[in-house]
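Below: the structure, in structure tokens.
The values are calculated or read from the model by the stated rules, or taken from the named source; none is laboratory data. Owing to the predicted nature of the structure, the values given are computational and were not obtained by experimental measurement. FYI the Cβ positions are ideal-geometry reconstructions off the backbone, even for glycines, and counts take in every protein chain you see. Surface accessibility is based on the protein's heavy atoms, side chains included, excluding ligands, DNA and RNA. Shrake-Rupley method; radii C 1.70, N 1.55, O 1.52, S 1.80 Å.
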Amino acid sequence: MADRSALITGVTGQDGSYLAELLLHKGYRVFGLVRRLSSPNMSHLAHVRDQITVLDGDLMDQTSLHQAVKAAEPDEVYNLAAQSFVGASFSQPVLTGEVTGLGALRMLEAVRAHAPKARVYQASSSEMFGHVDREPQDEKTPFHPRSPYGVAKVYAYWAGINYREAYGMYISNGILFNHESPRRGVEFVTRRITDAVARISTGKAETVSLGNLDARRDWGYAPDYVDFMWRVLQHPEPDDFVGATGEAHSVREFAAAAFAHAGIPDWEARVRTDDRLLRPAEVYNLRGNPAKSQQRLGWTATTRFGDLVRIMVDADLERYRRA
């Protein structure tokens with residue numbers, strides 16, 4: 001595959017950095033779209049930075065996307081960039097729509113103009129399901145998003161299908177349920193928990209503030225899920241696939257497991273409930289059905305819930321002990 005090239009938007013994030021590593025290992029030439037900032041955060045890519053061609057670009061700027069696609073001449077495009085924090089989408093709904101929704105459309109336009117034969121992976125989200133009336137959720141489950149983020153992802157999802165049908169382009173949606181890792185931002189609840197557990201364990205904090213402890217999510221491990229993304233684009237025909245573990249666990253369970261792994265007793269005394277961390281419209285229970293992905297892609301999430309918690313807690317403990 002040494003002659004294959006891939007363009008990754010959101011390459012500096014959790015998924016983008018793991019995907020870049022995977023594709024480099026497979027022999028791809030990897031191009032990463034990075035917003036022009038005074039000091040872009042390349043920490044996740046530090047060990048492979050010299051193997052990636054970084055291109056300036058922004059999902060809100062059509063011209064930059066045209067230039068990036070022309071420069072990369074990609075065989076595969078992975079659109080992972082988004083305003084991806086659900087909480088922030090309520091305070092910045094227009095920005096979220098511009099980046100997460102219309103940004104995907106702008107990327108499709110750039111690919112249609114300059115690399116129409118490229119295979120496109122659109123990062124869709126379980127947040128599109130939102131207020132669910134059935135469990136587990138699969139590719140046929142109706143969408144009822146409960147946040148501006150979820151709404152924007154639904155727009156991007158249907159934009160991809162529209163371009164697939166209207167222009168005959170290879171565009172696939174990967175509807176991924178929650179997937180976490182030590183590279184997850186601390187604004188996300190899993191990393192908020194493991195970071196706090198590490199600070200408490202090392203005497204740097206005493207408590208952690210959380211929102212809805214009863215929300216249940218299908219949590220997997222991000223490196224498993226970038227393998228899913230790659231497999232989606234190797235499928236002979238474009239299609240839409242759910243990536244999930246098939247198990248759901250509550251925020252309460254995640255916190256209990258994280259504190260237990262760090263050897264901190266009586267975890268509930270360490271947790272404060274903060275109403276500011278509650279969503280205006282809550283999503284209570286998301287659990288995916290990955291049967292189609294298992295059958296057609298040969299993909300299974302291999303890292304189980306308990307292992308995921310341990311990986312994240314250990315990484316944060318190590319980080320604070322080194323510091």
Problem - Options L37, L59, L33; residue that is loosely packed, with under 15 Cβ neighbours inside 10 Å, of a type outside the set (F, W, Y), out of contact with any Phe, Trp or Tyr (no Cβ under 6 Å at 6 or more places or on another chain) and not in a helix (DSSP H, G or I) - result: L37
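Residues checked against (1) of a type in the set (S, T, Y); (2) in a helix (DSSP H, G or I); (3) under 30 Å from S43 (Cβ atoms):
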site: A123; (1), (2), (3): no, no, yes
site: E127; (1), (2), (3): no, yes, yes
site: E135; (1), (2), (3): no, no, no
site: A152; (1), (2), (3): no, yes, yes
site: A156; (1), (2), (3): no, yes, yes
site: N173; (1), (2), (3): no, no, yes
site: R183; (1), (2), (3): no, no, yes
Completion exercise
Of the residues in region 241-289 that are in a helix (DSSP H, G or I) and of a type in the set (D, E, K, R), the one that is most open to solvent (accessible area, probe 1.4 Å) is R276
Problem - Verdict on R112 being of a type in the set (K, R) and farther than 26 Å from S181 by Cα - result: yes
Handout entry: Search result, residues across region 119-172 that are more than 18 Å from V232 (Cβ to Cβ), in contact with a strand residue (DSSP E or B) (Cβ under 7 Å, 6 or more places away or on another chain) and in contact (Cβ under 8 Å) with a residue 24 or more places away in the chain
Key = F129, G130, H131, V132, E135, P136, R146, G150
Practice task
Scan region 288-314 residue by residue and report those that are closer than 19 Å to R217 by Cβ and touching a His at 6+ places or on another chain (Cβ under 7 Å).
Solution key: F305, V309, R310, V313
Handout entry: Residues satisfying the stated conditions in region 164-205, i.e. open to solvent by 10 Å² or more (accessible area, probe 1.4 Å), farther than 20 Å from T100 by Cβ, under 23 Å from the mean Cα position of the chain (by Cα) and of a type in the set (V, I, T)
Key = V186
Exercise for the section: Kindly indicate whether Y163 is in a helix (DSSP H, G or I) and either basic (K, R) or touching a Lys or Arg at 6+ places or on another chain (Cβ under 7 Å) (or both). Expected result: yes
Practice task
Return a yes/no flag: does region 226-240 have any residue that is in a loop (DSSP other than H, G, I, E, B) and touching a Leu at 6+ places or on another chain (Cβ under 7 Å).
Solution key: yes
